[in-house]
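Okay, structure first, notes after.
What follows is calculated from the coordinates using simple rules that are stated; it is not laboratory data. Keep in mind the model is a prediction, meaning the values are calculated, not measured. Methodologically, a virtual Cβ is constructed for each residue, glycine included, from the backbone with ideal geometry; neighbour enumeration extends over all protein chains shown.
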Amino acid sequence: MMINSLFNLMAARGLAQISDESALAGIVAQILAQNEDQVAVYRAGKTRIRGWFVGQVMQATGGKANPTLVNKLLDEQLYKEV
């Protein structure tokens, strides 16, 4: 009972982690579309910039995005168009 109350409180205060795959996929796609130069750098082999993409998603979501899911979506979308 207490755990449910904690989850409800977190959700009410906007503290819950975002794990909605379709919502995060849209954010990832938008960030990649807005940063085509960085995508080209990544695809050219400078994979260290990947963390920058994760940071952009975290910034866009106020740090609430599920990082494991963000990494999965980045993997899918960065290589989708290659």
Between Ile18 and residues 5 or more places away or on another chain, the pairs with built amide H atoms under 5 Å apart involve Ala65, Asn66
Looking at the range 35-82, which GluC sites (Glu not before Pro) are in a loop (DSSP not H, G, I, E or B) and have at most 13 other Cβ atoms within 10 Å?
Glu81
Between Rg and the Kirkwood Rh of the range 21-80, both from Cα atoms, what is the Rg to Rh ratio?
0.92
